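Here the structure is laid out as structure tokens; the discussion comes afterwards.
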Amino acid sequence: MNKRRSFAFNLAASLTMLLIAAAPLAAPFAYVPNEKSGTISVIDTATDRVTGEIKAGDKPRGLALSRDGKFIYVSDQPHSALNIIDLAKKAIVGKVELGESPEGVGISPDGKWVVVAVEESNSVAFVDTATNKLVVNLKVKGKNPEHAVFSPDGKWLYVSAEESDVIDIIDARAQKPLTSITLGARPRGIGFLPDSSRAYVAAEEANTVYSIDTAKQTVLTAIKAGVRSNGVAVRPDGKRVFISNGGDGTVSVIDTANDTVIATVPVGRRPWNMAITPDGKKLYVANGRSNSVSVIDTETNQKLTDITVGELPWGVVIR
């Protein structure tokens, strides 16, 4: 190869590498469990369109994604089980028997544990993701637990209970209950700041969100939200917390600098659980009675669109 051709070849190769480096990463997918349809709707967050559905049991509710993005763990309420879905096969490939009426599902930051709030046994089930075996079913103080959420540092597991006014705090590594904090009636959604310093818990019948100091395990602030506040989602930069209000069809936006509501965004009927894209730019809200997901711009706090999904969507998870 002569010098001119060699130079041209190297220049073309360099330009190709630059173009590849500059190309945007593929947008993540959002997964929405539909209780009545028995499916999970798959949404491409680049286009905000449903690209497919996956059969997920008879009444899928809580769900979590494995850390490698290959599997979804979803609770199936009528069968008292945790279904394991292979995303490549789009099929259930495993099942873990749990107690009666499992609901919220969480996954530890290291991906080693999937936890499920089991309502009728008032417990949290710990499932080892390496073996897909139930290791322990831990009793909690709260009655009818709904959500079980790990702090980002993996130290705490917070568990909310529908028929209670407390949130249980578990030593996540030792898998032992530590204490409980009294809140308003019917605590539900839970979210942590990225540094794990604070947790936010929505109490539905109190129409209030509680900011909790995780080091002291005490309430810092009680923040009035909308009617029947329930779902909680935290922006990755920790500057905003979003609360779905099931009674008035809105999402409240909390500024974490001073724990005040700075905006209220109308969405669909009975907004429930939510998730934010990894870049923090868009919030996806499951509207249970509208059979839709609302998409909110988290910078402008404006609704961008509504996406039709299956019947009675319970929540959203994004990978």
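For the stretch 269-285, indicate whether the set of residues that are open to solvent by 60 Å² or more (accessible area, probe 1.4 Å) and over 17 Å from Phe29 (Cβ atoms) is non-empty. Checked against the condition, which is being open to solvent by 60 Å² or more (accessible area, probe 1.4 Å) and over 17 Å from Phe29 (Cβ atoms), the stretch 269-285 yields at least one hit.
Filtering the stretch 78-112 to residues that are touching a residue at least 40 places away in the same chain (Cβ under 8 Å) and within 19 Å of Asn144 (Cβ to Cβ) leaves Leu82, Pro102, Glu103, Gly104, Val105, Gly106. Before we move on, is Ala206 assigned to a strand (DSSP E or B) and hydrophobic (A, V, I, L, M, F, W, C)? Answer is no for this residue. Of the residues in the stretch 64-77, at least one is of a type in the set (A, V, I, L, M), free of Cβ contacts under 8 Å to residues at least 60 places away in the same chain and within 26 Å of Ala203 (Cα to Cα).
Taken over the stretch 308-319, the residue count meeting the criterion of being surrounded by fewer than 23 Cβ atoms within 10 Å (Cβ to Cβ) and assigned to a strand (DSSP E or B) is 2. Among the residues examined, Val166 qualifies as surrounded by fewer than 22 Cβ atoms within 10 Å (Cβ to Cβ) and closer than 16 Å to Val201 by Cβ. Within the stretch 245-265, the set of residues being within 24 Å of Asp213 (Cβ to Cβ), outside any loop (DSSP other than H, G, I, E, B) and small (Gly, Ala, Ser) comprises Ser252 only.
Looking at the stretch 48-151, the strands (runs of 3 or more DSSP E) lying wholly inside it that each contain 3 or more residues that are open to solvent by 30 Å² or more (accessible area, probe 1.4 Å) and modelled with pLDDT of 95 or more sit at 49-55, 91-97, 133-139.
Among the residues that make up the stretch 226-246, is at least one of them of a type in the set (Gly, Ala, Ser), in contact (Cβ under 8 Å) with a residue 12 or more places away in the chain and open to solvent by 30 Å² or more (accessible area, probe 1.4 Å)?
no
Which residues, taken from the stretch 268-307, are of a type in the set (Val, Ile, Thr) and either assigned to a strand (DSSP E or B) or under 17 Å from the mean Cα position of the chain (by Cα) (or both)?
Result: Ile276, Thr277, Val285, Val293, Val295, Ile296, Thr298, Thr305, Ile307.
Candidates in the stretch 178-200 are the residues that are in a strand (DSSP E or B) and within 19 Å of Ala257 (Cβ to Cβ); of these, the one that is farthest from the chain's Cα centre (by Cα) is Arg198.
Restricting to the stretch 194-210, what's the tally of residues that are farther than 19 Å from Pro271 by Cβ and open to solvent by less than 10 Å² (accessible area, probe 1.4 Å)? Count: 2. Among the residues making up the stretch 209-230, those that are in a loop (DSSP other than H, G, I, E, B) and over 24 Å from Val285 (Cα atoms) are Thr214, Ala215, Lys216, Gln217.
Quick one: would you say Ile43 is of a type in the set (A, V, I, L, M), crowded, with 19+ Cβ neighbours inside 10 Å and under 24 Å from Asp110 (Cβ atoms)? So Ile43 does not fit the description; no.
The values are calculated or read from the model by the stated rules, or taken from the named source; none is laboratory data. This is a predicted model, so every value here is computed, not measured. Here the Cβ is made from the backbone with ideal geometry for all residues, glycine too, and neighbour counts use every protein chain on show. Heavy atoms of the whole protein, side chains included, go into the accessibility calculation; ligands, DNA and RNA do not. Shrake-Rupley method; radii C 1.70, N 1.55, O 1.52, S 1.80 Å.
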